[in-house]
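Trainee: Pasting a structure here, questions to come.
The values are calculated or read from the model by the stated rules, or taken from the named source; none is laboratory data. These numbers come from a predicted model, not from an experiment. When we count neighbours, we look across all protein chains shown, and the Cβ atoms used for this are built from the backbone with ideal geometry, even at glycine. What goes into the accessible areas is simple: the full protein's heavy atoms, side chains included, and nothing from ligands, DNA or RNA. Shrake-Rupley method; radii C 1.70, N 1.55, O 1.52, S 1.80 Å.
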Amino acid sequence: MEAIFRTGDVLRLSCPYTPALVTGTSGSDVFVRWPWWKADSECEWIRWNGDVALPRRPGSHDWGQELFRTDPAPDGLQPGDQCLVGIPPALVHITEVQHFDPPLETGRLPRPRTYVVVLPEGQSQDPRLDEQGYEIDPDDDIPIRVDLVFRPYSFLHAGDELVDQHERAWRFDAPWDWYAFDRGEPSTPAWPLTLLTRGGTFASNVAGAIAQATSASSHEEELARWKALTKAEPTRLHVTELE
């Protein structure tokens with residue numbers, strides 16, 4: 001089954017501006033009574049007070065990571081003010097998709113079953129950082145609109161095994177993560193690609209689609225299109241070697 005969200009996807013996000021109350025401010029944040037979530041009364045170790053902190057200073061690091069904005073601008077808001085909160089149209093790319101079973105306890109409802117971690121346009125993933133990016137729960141009550149702009153290697157699934165133009169065998173792990181079975185160089189395949197197996201079996205209809213999709217262009221052009229949209233550099237984080 002095709003994944004709804006996948007590492008490498010380029011998305012356009014937006015959320016309608018919704019009335020909210022400013023409950024407090026600090027030097028770096030403005031606190032807004034969140035108009036969507038509810039407190040989780042059955043969560044005994046996290047007591048959420050109903051507020052969400054949004055960065056107050058344009059140009060700060062937190063400002064660059066945050067997707068939600070207020071209207072009027074947050075630096076002029078004071079406790080008791082009414083404002084609007086939402087997401088202006090933003091281009092992002094997915095760096096990770098996390099799944100939770102049982103759902104994650106956050107003190108809020110609904111409890112997340114999935115987090116989609118995204119970075120805004122112009123930001124590259126840094127493997128040295130433990131936490132980077134903005135987490136979106138696609139199943140919660142915030143009416144975020146998500147439009148898929150580009151899915152690199154949309155015709156492949158993680159785990160596909162293929163052979164390239166030079167008869168080198170590969171496993172596809174993620175758009176920029178390829179495992180060469182000969183462990184040689186170059187570290188990316190030469191198109192066209194021929195499917196060997198998907199899920200341990202050969203599917204002739206899938207093989208034909210992959211052959212047609214890679215009959216022209218190249219890995220380099222697929223990467224160039226992604227970089228032009230994201231204005232970011234890819235990071236290989238998901239390669240796992242066979243035992």
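Trainee: Say whether the condition of being farther than 22 Å from Leu119 by Cα and either open to solvent by less than 30 Å² (accessible area, probe 1.4 Å) or free of Cβ contacts under 8 Å to residues at least 40 places away in the same chain (or both) is met by at least one residue in segment 222-241.
Mentor: no
Trainee: A follow-up question, please. Would you point out which residue out of Gly86, Gly50, Gly76 is more than 16 Å from Thr25 (Cα to Cα), surrounded by 11 or more Cβ atoms within 10 Å (Cβ to Cβ) and among the small types (Gly, Ala, Ser)? Before you say what the answer is, go through the steps one by one.
Mentor: Numbers: Gly50 fails: more than 16 Å from Thr25 (Cα to Cα); Gly76 fails: more than 16 Å from Thr25 (Cα to Cα).
None of the other options fit; the residue is Gly86.
Trainee: For segment 10-39, give me the residue count where each residue is over 27 Å from the mean Cα position of the chain (by Cα) and part of a loop (DSSP other than H, G, I, E, B).
Mentor: Of the residues in segment 10-39, 2 are over 27 Å from the mean Cα position of the chain (by Cα) and part of a loop (DSSP other than H, G, I, E, B).
Trainee: How about segment 53-73: which of its residues are exposed (fewer than 15 other Cβ atoms within 10 Å of the Cβ) and of a type outside the set (Lys, Arg)? Break it down into steps so the answer makes sense when it comes.
Mentor: To start, the set of residues in segment 53-73 that are exposed (fewer than 15 other Cβ atoms within 10 Å of the Cβ) comprises 57-62, 64, 71-73.
Of everything in segment 53-73, those that are exposed (fewer than 15 other Cβ atoms within 10 Å of the Cβ) and of a type outside the set (Lys, Arg) turn out to be Pro58, Gly59, Ser60, His61, Asp62, Gly64, Asp71, Pro72, Ala73.
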